[in-house]
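The values are calculated or read from the model by the stated rules, or taken from the named source; none is laboratory data. Nothing here was measured: the structure is a model prediction, and the numbers come from that model. Note: ideal-geometry Cβ built from the backbone for every residue, glycine included; neighbour counts use all protein chains shown. Side chains included, ligands, DNA and RNA excluded: accessible areas come from the protein's heavy atoms. Shrake-Rupley method; radii C 1.70, N 1.55, O 1.52, S 1.80 Å.
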Amino acid sequence: MTSYLSEIDKIVENAKSYSSLEKLLNELSIPIGRFFDKEDGFENHLSLFDINNTQAIKRHVSYCLLRIYSIKPKLFMDTPLKHKVIALFGLSIQNIYAELGLNEKSETFEIENKLIDYVKNKEAEINLKICADIDFYFIHDYGISYKSTIKQRKSNPIIWTFLSENIDDKLFTNIFKILDDYNDGNEKNKFNLYNKAMKELDVIIERGREVDTKYSNSYIIRPFKSIKKALAKDFKNNPFSKPAKLQVYSTEKKYPFKKGASYKIHLLVKNNSTGYASDAMLKITSCPSNIIDIDKKDVFFGTIKTSSIIDFEYTGLSYSESVNIEGYIEWVNFDGEKIASVF
């Protein structure tokens, strides 16, 4: 399905290369038909105007025609299909007619004059509001502008027709809420909110990539990649984005190791930096096997902000007041660099 939508979009965007509307629509008939679950596509361009087509097909064909009309109006001049195109518009895009003050009694020349720049004007309006460079300081205002521009399906049906079906309003509401929380939150919450925002941004970008269309690239992928870049730049200026520095320390043990006794070894992991560590993991590589048997020698404990106590369960094999343990701890810094430190 998504590949057919991408194919449709490419044919539409390439409208200037066609010498006639009939030739263009003949090419469109196959991917449009397959997009609507017709295995072999529509038979030819006339099938696109079949009065028995579903309303969804009629709207889809009309939105394609409106985009083509804005790219190469000449294709619609003196074509025998003109009356079919106008008739299809009257049956399927009443919402756009109402927006432009048109109705079933409007003259053909009036319909043509008002529709010729409809798509261009919509695109220009959207480009002005959401395609400028993003200053993260104004991300709240940008979010309001984006949601009021793109989120409104009824006022932008052509745009939504060429987006992935997995793009929905909730994605936009959610990400801009997280970004507002990040801006308004205290410094210690920024790390968690930053990671949460980055994950949500990746979801939106990946869903945008599900279809390779002009509108998905321009109004989903590009803006949210820009937001991601602006967010990373903002967080980089936060002290919690600095490289973490983890060190492992022993803790005081009150009782000796005894044969048959089962207990825990406690190791203190301390972060000697303002920067947070992610995906932290501690692994014991060497311990006296004649004194203790450690059940599990590696522990994943995620994010370290200041310090954490890591426990290792063991069974005593012989008596001893102390044991020497060696190992390493590894983590990921804000910039994605993976670090390891031995102890």
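Treat every Asp and Glu Cβ in the range 89-229 as -1 and every Lys and Arg Cβ as +1, leave all other atoms uncharged, and give the resulting dipole magnitude about the Cα centre to the nearest 20 debye.
Here the range 89-229 has a charge dipole of around 440 debye.
If you place +1 on the Cβ of every Lys and Arg, -1 on the Cβ of every Asp and Glu, and leave all else neutral, what size is the dipole of the chain about its Cα centre, to the nearest 20 Debye?
The dipole magnitude comes to about 720 debye.
Can you send over the carbon and sulfur percentage of the accessible area for the range 215-273, probe radius 1.4 Å, protein chains only? All intermediate terms of the calculation are to be shown ahead of the outcome.
Working: 1780 of 3500 Å².
Carbon and sulfur: 51 percent of the exposed surface of the range 215-273.
Considering only protein heavy atoms and a 1.4 Å probe, what is the carbon-and-sulfur percentage of the accessible area of the range 54-145?
55 percent
Loop-only GluC sites (Glu not before Pro) in the range 143-239, please: DSSP not H, G, I, E or B, and at most 16 other Cβ atoms within 10 Å.
For GluC sites (Glu not before Pro) across the range 143-239 that sit outside H, G, I, E and B with at most 16 neighbouring Cβ atoms in 10 Å, the list reads 165.
Between residue 281 and residue 50, what is the label-to-label distance in nm when each label sits 7 Å out along the Cα-to-Cβ direction?
5.6 nm
Once the Cβ-Cβ distance between residue 321 and residue 268 is put in as r, and R0 is 22 Å, what FRET efficiency do you end up with, to the nearest 0.05?
Efficiency, from the Cβ-Cβ distance: 0.65.
Roughly speaking, what is the stretch gain from residue 133 to residue 19, that is 0.36 nm per residue apart minus the C-alpha to C-alpha distance, in nm to one decimal?
Working it through step by step, the gained length comes to 37.3 nm.
Please report the relative contact order for the range 139-219, taking Cα pairs under 8 Å with a sequence separation of at least 6, and give it as a percent rounded to a whole number.
39 percent
Magnitude of the Cβ-charge dipole of the range 141-295, K/R +1 and D/E -1, about the Cα centre, nearest 20 debye?
Roughly 400 debye for the range 141-295.
Restricting attention to the range 291-343, which GluC sites (Glu not before Pro) occupy a DSSP loop and are surrounded by at most 16 other Cβ atoms within 10 Å? It would help to have the intermediate numbers written out before the result.
Values: sites: 313, 321, 326, 330, 337; in loops: 321, 337.
Filter output for the range 291-343: 321, 337.
What number comes out for accessible area per residue over the chain if the probe is 1.4 Å? Units Å², please.
Result: 53 Å² of accessible area for each residue.
List the pair-distance distribution P(r) of the range 217-343, using every Cα-Cα distance, as the percent of pairs falling in each 5 Å bin from 0 up to the bin containing the longest distance, rounded to whole percents.
Computed distribution, short to long bins: 2, 10, 18, 17, 13, 11, 9, 7, 5, 4, 3, 2, 1, 0.
Work the Kirkwood hydrodynamic radius out for the range 296-343: mean of 1/r over every pair of different alpha-carbon atoms, inverted, in Å.
13.5 Å
Give the calculated FRET efficiency between residue 339 and residue 166 to the nearest 0.05, with a Förster radius of 41 Å applied to their Cβ-Cβ distance.
E between residue 339 and residue 166, to the nearest 0.05, is 0.70.
Please work out the C-alpha center-to-center distance from the range 58-114 to the range 270-321 and express it in whole Å.
First find each Cα centre; the distance between them is then 70 Å.
With unit charges on the beta carbon (Lys/Arg positive, Asp/Glu negative), name the residue among 47, 143, 85 whose Cα is farthest towards the positive pole of the charge dipole of the chain.
143
Once you keep just the Cα pairs under 8 angstrom separated by 6 or more residues, what percentage relative contact order results for the range 233-278?
Contact order relative to length: 57 percent.
Largest first, how would 209, 67 line up by accessible area (1.4 Å probe)?
If we order 209, 67 from most to least accessible, we get 209, 67.
Between residue 106 and residue 237, what FRET efficiency follows from the Cβ-Cβ distance if R0 is 51 Å, with the result rounded to 0.05?
Details: r = 56 Å, r/R0 = 1.10.
After rounding, the FRET efficiency stands at 0.35.
How far apart, in nanometres, would the label points at residue 38 and residue 148 be if each is projected 7 angstrom from Cα along the Cα-to-Cβ direction?
4.1 nm
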